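Heads up: the structure comes next, in structure tokens.
The values are calculated or read from the model by the stated rules, or taken from the named source; none is laboratory data. Keep in mind that what you see is a predicted model, and the values were worked out from it rather than measured. We place every Cβ from the backbone using ideal geometry, glycine too, and count neighbours over all the protein chains shown. Heavy atoms of the whole protein, side chains included, go into the accessibility calculation; ligands, DNA and RNA do not. Shrake-Rupley method; radii C 1.70, N 1.55, O 1.52, S 1.80 Å.
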Amino acid sequence: EDQVTQSPEALRLQEGESSSLNCSYTVSGLRGLFWYRQDPGKGPEFLFTLYSAGEEKEKERLKATITKKESFLHITAPKPEDSATYLCAVQVRSYIPTFGRGTSLIVHP
Amino acid sequence: DTGVSQNPRHKITKRGQNVTFRCDPISEHNRLYWYRQTLGQGPEFLTYFQNEAQLEKSRLLSDRFSAERPKGSFSTLEIQRTEQGDSAMYLCASSFQGANTEAFFGQGTRLTVV
């Protein structure tokens, strides 16, 4: 059975304190891995798609990387407005994204 | 087109009542997904359409749940005889047909069953 595990479940950072979120996956035939940001009471907002090991994508303070078994979302010098839940999803043969439970990030000023 | 639209945003209903939610996907998106999300969890897959065809349903989707996508445009999700356990955020997403295409989500419908 396909599995997506995100860690840590929750992360508290001081403003400017860089860190990384992890998404580990055990799937057969990965078609794509997606990162989303979700604010409380809202739908997930698409951030990145990664297709194969070694690929990297960047957007402002966020950088996503991927290996054959896991993906990282690196947050450089975070600001309070980066506080949100970050979700990872994998897409395999049926084109249906399967989500992890997310990492809740709080950045203190 | 500004994105995926879901209505209503909030719904409070009494246990045993039927409810229906609507999703308008991004135009030209062939694929449409419904998910359910509870507090502290990631979105759980419910069902998936490609154009008007419902191609897959989760085992989580009991007989009380039904979804339609007439003419491959908007979609509706109906829950019959609601139970308190149905209280959740119901999310709709759409994507282009093709390999490795990301899904874009609406703002969700928050259902509270009292």
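The table that follows gives values for the structure above.
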{"read-out": "Cα-Cα over 24 Å, subset of A:Lys42/A:Lys68; A:Lys42/A:Lys69; A:Lys42/A:Lys79", "value": "A:Lys42/A:Lys68; A:Lys42/A:Lys69"}
{"read-out": "Heavy-atom accessible area, 1.4 Å probe, ligands and nucleic acids excluded: residues of segment A:41-59 down by at least 20 Å² from chain alone", "value": "A:Gly41, A:Lys42, A:Gly43, A:Pro44, A:Phe46, A:Tyr51"}
{"read-out": "Normalised alpha carbon radius of gyration of chain A [divisor 2.2 N^0.38 Å]", "value": "1.02"}
{"read-out": "Gap separating the Cα centres of segment A:26-98 and segment B:21-45, nearest whole Å", "value": "17"}
{"read-out": "Cα→Cβ-extended label distance, 7 Å offset, between B:Gln50 and A:Phe46, nm", "value": "1.8"}
{"read-out": "Summed buried accessible surface, chains B and A, 1.4 Å probe, nearest 100 Å²", "value": "1800"}
{"read-out": "With DNA, RNA and ligands ignored, accessible area of A:Leu13 (1.4 Å probe; Å², nearest 10)", "value": "10"}
{"read-out": "List of segment B:2-41 residues, accessible area with partners at least 10 Å² below that of the chain alone (1.4 Å probe)", "value": "B:Arg9, B:Arg31, B:Tyr33, B:Tyr35, B:Gln37, B:Gly40, B:Gln41"}
{"read-out": "Exposure of A:His108 as accessible area (Å², to 10), given a probe of 1.4 Å and all protein chains", "value": "60"}
{"read-out": "Per-q log10 I(q)/I(0), segment B:1-91, q = 0.16 Å⁻¹ (Debye; single scatterer per alpha-carbon; no solvent)", "value": "-0.64"}
{"read-out": "Among B:Arg59, B:Arg69, B:Arg36: highest mean-square fluctuation, GNM of chain B, C-alpha pairs under 10 Å", "value": "B:Arg59"}
{"read-out": "Sequence-separation-based contact order of chain B, relative, with Cα cut under 8 Å and 6+ spacing, percent", "value": "37"}
{"read-out": "Sites A:Ser20 and B:Gln41 - FRET efficiency at Förster radius 35 Å, r taken between beta-carbons, to 0.05", "value": "0.95"}
